[in-house]
Amino acid sequence: QKHAGLTPLAVFDDTRAREWFVALDYGFTHYTVALLGCTDGDGNVFVVDEHAERLWLPQRHAEAIKAMLARHEVRGVRGEGRGRKLEISDLRRFVAGADVFSRQSDGTTIAAQYAKLGINMRCANTERINGWAEILHKLGDADAGIAPRLFIHRRCARLIETLPTLQHDPNRPEDVLKVDADEDGVGGDDTADALRYLVATKPREVLAMKLRGL
C-alpha cells in the first residue's frame, strides 16, 4: 500500500517550523544517519533533511550535521525579522540510539566524543514495536480517509529509498525485520531506525509545582 506520507515533498517553507529536532543512528561500517525534523503549528511532522555516510569519524559527521542544519532557516521568537541559519542550539532535542551511550574499551562513549564537538545528545526512545506503529499511524491511510501527519522531503533520498523495502519480521509480526547494509554499504535499515527515533521520542516535559508551606 502506498501511503500519502511516502510521497516526497518537493518544497518546505522553514518558517512553518515550530520545533526543530534531530535523530541519529550510529554506525561506522554501517551508515551513520542523522535526520532533521520539525513540527508545524498543527502537530504535523516533517523530515526535511538527511545526512548519511559510512566509514567517517565523529569529527567529520559533526561538521556535516552542522552544515545540514545551516541549509535551513530559523526566525525570531515570534517569527519576526530576518531569518538566520539553523544551529545546534536551536534544536529542541538531539537524540540517538542507545549504542552511542555504551562505554567503549577505553571508557569513553561516542556521545561524549560528539559532546566535545558541540553536539549534546540524549538517548532516544528505542522501543521498536510502538515506534513502528507510530510511524504507520502518522503516515495515514488514504483509502480509509485518514490524512497523513508525517511528510518526508525528497532531499532525504536514502530514507525514501529504504522505507518501501522494509518487511515484517516473521518471528515478530508487529516488528520490522532487521537488515544490515552489506560490506559495500548497500541496503540496510539505518535511516528507518533514525526515523523511528525521530518520531517516537517526545520532548521532555518539565512540571512546575508550587509548594505550600507546612
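The values are calculated or read from the model by the stated rules, or taken from the named source; none is laboratory data. Quantities reported herein were computed from a predicted structural model and do not represent experimental measurements. Here the Cβ positions follow ideal geometry from the backbone for every residue, glycine too, while neighbour counts run over all protein chains shown. What goes into the accessible areas is simple: the full protein's heavy atoms, side chains included, and nothing from ligands, DNA or RNA. Shrake-Rupley method; radii C 1.70, N 1.55, O 1.52, S 1.80 Å.
Roughly how big is the chain's charge dipole about its Cα centre, with Cβ charges of +1 (Lys, Arg) and -1 (Asp, Glu), in debye to the nearest 20? Mind dumping the intermediate values first?
Details: 30 positive and 32 negative charges, 240 e Å.
Charge dipole of the chain: 1160 debye, to the nearest 20.
Quick check: Cα centre of segment 137-184 to Cα centre of segment 43-60, how many Å? After rounding, the separation between the Cα centres reads 17 Å.
Calculated on the alpha-carbon coordinates, the convex hull of segment 77-149 measures out at 143 cubic angstrom per residue.
Computed over the Cα atoms of the chain, what is the convex hull's projected area averaged over all directions, in nm²? Quarter of the Cα hull surface area: 16.8 nm². In sequence order, segment 119-134 has phi-based couplings of 10, 9, 10, 10, 6, 6, 6, 9, 5, 6, 5, 5, x, 5, 4, 5 Hz under the Karplus curve 6.51 cos²θ - 1.76 cosθ + 1.60, θ = phi - 60°, and Gly or Pro positions carry x. Taking amide H positions as modeled 1.01 Å from N, with prolines and chain starts lacking one, the residues under 5 Å from Glu73 and 5 or more places away or on another chain are Leu86. Using Cβ point charges alone (K and R +1, D and E -1), the dipole size of segment 94-138 about the Cα centre works out to roughly 100 debye. Farthest towards the positive end of the charge dipole of segment 88-214, among the residues Ala181, Thr162, Leu136, is the Cα of Leu136, using unit charges on the Cβ of Lys, Arg, Asp and Glu.
Over the chain, what is the percentage of antiparallel beta bridges among all DSSP beta bridges, to the nearest 5? Rounded to the nearest five, the antiparallel share is 65 percent.
Could you list the residues of segment 94-131 with an amide nitrogen less than 18 Å from a label point located 7 Å from the Cα of Phe28 in the Cα-to-C-beta direction? Only 97-117 fall inside the zone, counting backbone N under 18 Å.
Once every DSSP H run of n ≥ 4 in the chain is given -39500 (n - 2.57) and the sum is divided by its residues, what mean residue ellipticity at 222 nm do you get, rounded to the nearest 500 deg cm²/dmol?
Numbers: 5 runs with 49 residues, N = 214.
Value at 222 nm, helices only: -6500 deg cm²/dmol.
Put a plus charge on the Cβ of each Lys and Arg, a minus charge on the Cβ of each Asp and Glu, and nothing anywhere else: the dipole of segment 62-141 about its Cα centre is then about 360 debye.
FRET efficiency for the pair Asn44 and Thr108, taken as 1/(1 + (r/R0)^6) with r the Cβ-Cβ distance and R0 = 45 Å, rounds to 0.70. Atom-type composition of the exposed protein surface of the chain places 50 percent of the accessible area on carbon and sulfur (1.4 angstrom probe).
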